[in-house]
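Every number in this text was worked out from the coordinates using simple rules, so none of it is lab data. Everything numeric in this text was worked out from a predicted model, so none of it was measured. Every residue, glycine among them, receives a Cβ derived from its backbone with ideal geometry; neighbour counts consider all protein chains shown.
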Amino acid sequence: MSKWSVSIRAEGDRVVELQEVVALADAVAKLGGIASGVGAMAYGAQIVVDAENADEAVEQAVPAFEAAVAEAELPAWPITHAEVVGEDEYDFGE
C-alpha cells in the first residue's frame, strides 16, 4: 500500500467565494488535504489516500472529495480533472 496525492477539480457556473473554499478546506483537512478555488469558476482539493495503485487512489479520492463538497455545502458541480501522484514520484531534492 502506498500514499497517493490526488488533485480533483470541479467546474461550475459561478465564482467561488472565499468562505466556500474555507469550508472545503475544513472538510478536506481530515484527509490531509488542501482546497483551492477562490475567485474562480471552479473549486478543487488535493487529498492523500492509501491505495495499491493510481486507479484505486482515484476510486477512493472521488467519493471522499464529493463528501467534503457536501459537508462544505458547495454546489455539486461535475468533476473536470483528477490527477494522481504517488509518493515514489515526489522529488525531495535528494
message = Given an 8 Å cut-off on Cα distances and at least 6 residues of separation, report the relative contact order of the range 2-87 as a percent.
response = 45
query = What list of ³J(HN,Hα) values in whole Hz, one per residue of the range 35-48 in order, does the Karplus curve 6.51 cos²θ - 1.76 cosθ + 1.60 (θ = phi - 60°) give from phi, with Gly and Pro shown as x?
reply = 10, 8, x, 4, x, 10, 8, 7, 9, x, 8, 10, 10, 10
Neighbour net charge for Glu73 - beta-carbon separation under 12 angstrom, K R +1, D E -1 = -4
request  = Mind putting a number on the dipole of the chain about its Cα centre? Charges go on the C-beta only, +1 for Lys and Arg and -1 for Asp and Glu, and I need it in Debye to the nearest 20.
outcome  = 380
query = Between Lys30 and Lys3, how many nm apart are label points set 7 Å from Cα along the C-beta direction?
reply = 2.0
task = Treating the angle as unsigned and between 0 and 90°, give the value, to the nearest 10°, between the Cα long axis of helix 54-71 and the longest Cα principal axis of the chain.
result = 30
ask   = Which chymotrypsin sites (Phe, Trp or Tyr not before Pro) from the chain combine a DSSP loop assignment with at most 11 other Cβ atoms within 10 Å?
value = Tyr90, Phe92
key: the chain: angle of helix 18-29 to the longest principal axis, Cα-based, in degrees nearest 10   = 30
remark   = Taking the square root of 5λ for each eigenvalue of the C-alpha gyration tensor of the chain, the equivalent ellipsoid has semi-axes, largest first and in whole angstrom, of 24, 13, 12
